[in-house]
Amino acid sequence: MTTPSPSNIVQTRFKDAFAGTPRLFRAPGRINIIGEHVDYAGGKVMPAAIDFACWVAARPNGQNRLRVISDLGDGELPLDMFERHGDWRDYVAGMAFALRDAGHPVVGHDLAIASDVPMGAGVSSSAALEVAVGLALTGGAVTGKQLAVVAQAAENHYVGMACGIMDQFASACGVEGHALVLDCSSLHARPIAMPDTACFLIVDSGVKHRHTSGGYASRRADCETAAKALGVSLLAEIASVDALAGLSGNPLKRARHVVSEIARTSAAEQALATSDLAHLGQLLNQSHASLSSDMEVSTPEVDRLTAIAQATPGVYGARMMGGGFGGSIIALAAPSAAEAALDAILTTYAQDLGHRPGAFVVRAAAGAGEVL
Ligand code: GLA
């Protein structure tokens, strides 16, 4: 028996629970090739939407509330006052309130939601949920960029996570077969074709992250302290690590990561455009070293998994991906070597972990949209 797809699940769920014919929306998770912990510092990132997505079947219900049936639970969410629950409901209701804050009218809806984006694995299941709900509540009447900005605001103000814009932007604006080079200061994005000679492996460390706990926010605060000491509003304005001499302690380490990571992202843009995968792999490895020692957002398990991947034949380079404190790694491989490399990484890492963690080869997919 084949497992039903999230698209079928939401349509069946909607029919069983609610009346009428819904519209169907989809928003993907994302990978990030390079440019980690730089979005909130105004830097350049290189994410891509992936072929795992959150699906929402939606229809206005004539009431001032959202009625929701979902993978994570069911609920009625009033639209007259936001109530924080500390769970999935904050993403759904938060999106409705953030849309209203931004001047978009939102009426009550019936929503059926299902997702196959792995949770807590660093591939942005929450951004996929926010963007899919945002599309559903606006009937698709907003641009991808507007949706990304509102979804980030929902996460910042209603969920309580001080994230940057990368995840929501990649989910909302991804382009099939392409990575995005996104300047997080101007929100200008340029799609860059993924060469046929490259593919990306994602391996879950099995350590679940939760960014609403303090580590992520304290890294962001260190970056803001560094920027202030250097007299700039965002660290992305600093062109070279030579300009960091006046800093010390954590602000110095975090700033050194941000400034060097932005330079690596520019170099990676060039390497991807010229299909120089050996160089791109080296940049991934350097990014990991910097995230681990200067940003201090890796964990011993993630360091070990990354080292295993980096030493695996067929892998050009690997690093931790996303906010850190657990989650997944990303490894660059040739498509012909991908399955064997994935198997070798899993076999070695499973001996440490005691079970084989989730792992997959990803394809760059289209960003969010209505499915007709
Ligand atoms: C999380 C955040 C993003 C970004 C990354 C680190 O995924 O949601 O905004 O800061 O961490 O690059």
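The values are calculated or read from the model by the stated rules, or taken from the named source; none is laboratory data. Treat the numbers as computed from the prediction; the structure is a model and nothing was measured. Positions of Cβ are backbone-derived with ideal geometry, glycine not excepted, and every protein chain shown enters the neighbour counts. Just the protein is used for accessible areas: all its heavy atoms, side chains included, with ligands, DNA and RNA removed. Shrake-Rupley method; radii C 1.70, N 1.55, O 1.52, S 1.80 Å.
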(message) Can you compute the radius of gyration and Dmax for the chain, using only the Cα atoms, both in Å?
(response) 20.2, 64
(request) Measure out, as a whole number of angstrom, how far apart the alpha-carbon centroids of segment 139-173 and segment 22-98 sit. (result) 8 Å
(request) Output ³J(HN,Hα) for segment 66-79: one whole-Hz value per residue in order, computed from phi by the Karplus curve 6.51 cos²θ - 1.76 cosθ + 1.60 with θ = phi - 60°, and x for Gly and Pro. (result) 9, 10, 10, 10, 8, 4, 9, x, 10, x, 10, 10, x, 9
(message) Rolling a 1.4 Å sphere over the protein heavy atoms, what is the accessible area per residue of segment 199-328, to the nearest Å²?
(response) 40 Å²
(request) Work out from phi, with θ = phi - 60° and the Karplus expression 6.51 cos²θ - 1.76 cosθ + 1.60, the ³J(HN,Hα) of each residue of segment 23-40, listed in order in whole Hz, and give x for Gly and Pro. (result) 8, 10, 10, 9, 9, x, x, 9, 10, 10, 5, 6, x, 9, 6, 10, 5, 6
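Once you sort the root eigenvalues of the Cα gyration tensor of segment 207-260 as a ≥ b ≥ c, which label holds: rounded (a/c under 1.5), prolate (a/b larger than b/c) or oblate (the other case)?
Judged from the Cα gyration tensor, segment 207-260 comes out prolate (a/c at least 1.5, a/b above b/c).
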(message) As I understand it, the value is the acute angle between the Cα axis of helix 144-153 and the longest principal axis of the Cα atoms of the chain; what does it come to in degrees, rounded to 10?
(response) 90 degrees
(request) Please give the solvent-accessible surface of LEU129 in Å², to the nearest 10, using a probe radius of 1.4 Å with every protein chain present. (result) 20 Å²
(request) First select every other residue whose beta carbon is under 9 angstrom from the beta carbon of VAL181; then total the charges, Lys and Arg +1, Asp and Glu -1. (result) 0
(message) Could you compute the net charge surrounding LEU201? Neighbours are other residues with a C-beta less than 13 Å from the C-beta of LEU201; K and R count +1, D and E count -1.
(response) -1
(message) To check you understand DSSP bridge types, tell me what percent of the beta bridges within segment 33-153 (both residues inside) are antiparallel, rounded to 5.
(response) 75 percent
(message) Compute the helix-to-body angle for 88-101: its Cα long axis versus the longest principal axis of the chain, expressed 0 to 90° and rounded to tens.
(response) 80 degrees
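Taking segment 37-102, which trypsin sites (Lys or Arg not before Pro) meet the DSSP loop condition and have no more than 15 other C-beta atoms within 10 Å?
Those that pass, being in a loop and sparsely packed, are ARG84.
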(request) For segment 1-135, divide the Cα radius of gyration by the Kirkwood radius and give the resulting Rg/Rh value with two decimals. (result) 0.99
(request) Would you mind telling me the share, in percent, of accessible area of the chain contributed by carbon and sulfur at probe 1.4 angstrom? (result) 53 percent
(message) Rounded to the nearest 5, what % of DSSP beta bridges with both residues in the chain are antiparallel?
(response) 90 percent
(message) Can you tell me the orientation of helix 215-230 relative to the chain, as the angle in degrees between its alpha-carbon axis and the longest Cα principal axis, to the nearest 10?
(response) 60 degrees
(request) Just add up the charged neighbours of ASP352: K/R +1, D/E -1, any other residue whose Cβ is under 14 Å from the Cβ of ASP352. (result) -1
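Counting alpha carbon pairs within less than 8 Å and at least 6 residues apart, what relative contact order, in whole percent, applies to segment 163-215? Please report the intermediate quantities before stating the final value.
Values: 28 pairs, mean separation 12.0, N = 53.
It comes to 23 percent, rounded to a whole number.
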(message) Give me the 1.4 Å probe accessible area per residue for segment 1-83, excluding ligands and nucleic acids, in Å².
(response) 43 Å²
